[in-house]
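Inspection log for the structure reproduced underneath, given as structure tokens.
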Amino acid sequence: MNGSWRFTIGFGVFGALLTCVISLSNNPLGTTLLRSFYAFLAFVALAFAASFVLGQLLSPGKLAASGGELSPDRGSVLDLTTPDEGEALSEMLKEQWSDGNPETTKDEQFKDFQPLQPKRVVSLDNPNPEEVAQAIRRLTDE
């Protein structure tokens, strides 16, 4: 991108033509041409700066002298193997079996469990007027 002079000049010509078209209806011809020339210079400077910045950003990084050569296929191969954790898993299983019998722990968990016991289930098919009035009173108090 750094050596593309056609892009820089083309962008300058685009800016000059744009300025000429916009400025021609409001200004005399001499003023329009002068402003178009200034716009050409400004757009050329802008295109040169943009191409320089893009050239620096998109250029491959410089190799460090101490780093040596990098292989051309670096980053193209993906290693998807996972480390072997079979021994750690077997140790965890041994610890679980040595602490207690798993069936006993399940029974202990289910002993503490108690299902919910709702106080009262109200059907909406035949509502009691007194209960509806009490429910409305409670809702209006809150």
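The values are calculated or read from the model by the stated rules, or taken from the named source; none is laboratory data. These figures come from a predicted structure and were not determined experimentally. Cβ coordinates were reconstructed from backbone atoms using ideal geometry, including for glycine residues, and neighbour counts include every protein chain displayed.
For the stretch 30-50, check the following and say yes or no: at least one residue is crowded, with 16+ Cβ neighbours inside 10 Å and under 34 Å from the mean Cα position of the chain (by Cα). Checked the stretch 30-50: at least one residue is crowded, with 16+ Cβ neighbours inside 10 Å and under 34 Å from the mean Cα position of the chain (by Cα). Residue pairs whose Cβ atoms lie under 9 Å apart, separated by 6 or more positions or on different chains, with the first residue in the stretch 113-124 and within 14 Å of Ala135 (Cβ to Cβ) and the second modelled with pLDDT of 70 or more, are Val122/Asn128; Val122/Glu131; Val122/Ala135.
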